[in-house]
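Presented below is the structure to which this report refers.
Nothing in this text is a laboratory measurement; each read-out follows from the coordinates by a stated rule. What you see is a predicted model; the values in this text were computed from it and never measured. No Cβ is skipped: glycine too gets one built from the backbone with ideal geometry, and neighbour counts run over all protein chains shown.
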Amino acid sequence: MSELEKKPCSECGGRLRARTITQEFEREGVRVRVAGIRAWVCSRCGEIYFLPGGATRLAKAARSLFELALAGHQHRGRLTARIS
């Protein structure tokens, strides 16, 4: 059992549950989506929590997708990546 599972949500006190989520980001009119993200999500308010290093890996994946999209001048549509 993870330490996060034992703790209540810091926002509302709800229960945290392990989930696989998708996050979408937008920059300069370009949207990127990162799927397959393991996180803890509050069952009451939806607040998202990551294990140590998770947020850093997510930010790195999003930055890489933006660089790819902007380098390829793909200002329309979406790029999607799945991380594990």
| query | If you take the square roots of the eigenvalues of the alpha-carbon gyration tensor of the range 3-82 and sort them as a ≥ b ≥ c, do you get rounded (a/c under 1.5), prolate (a/b over b/c) or oblate? | reply | prolate
| field | DSSP-loop trypsin sites (Lys or Arg not before Pro) across the range 1-48, with at most 15 other Cβ within 10 angstrom | value | Arg44
| note | Taking every other residue with Cβ under 12 Å from the Cβ of Ala18 and scoring Lys and Arg +1, Asp and Glu -1, one gets +3
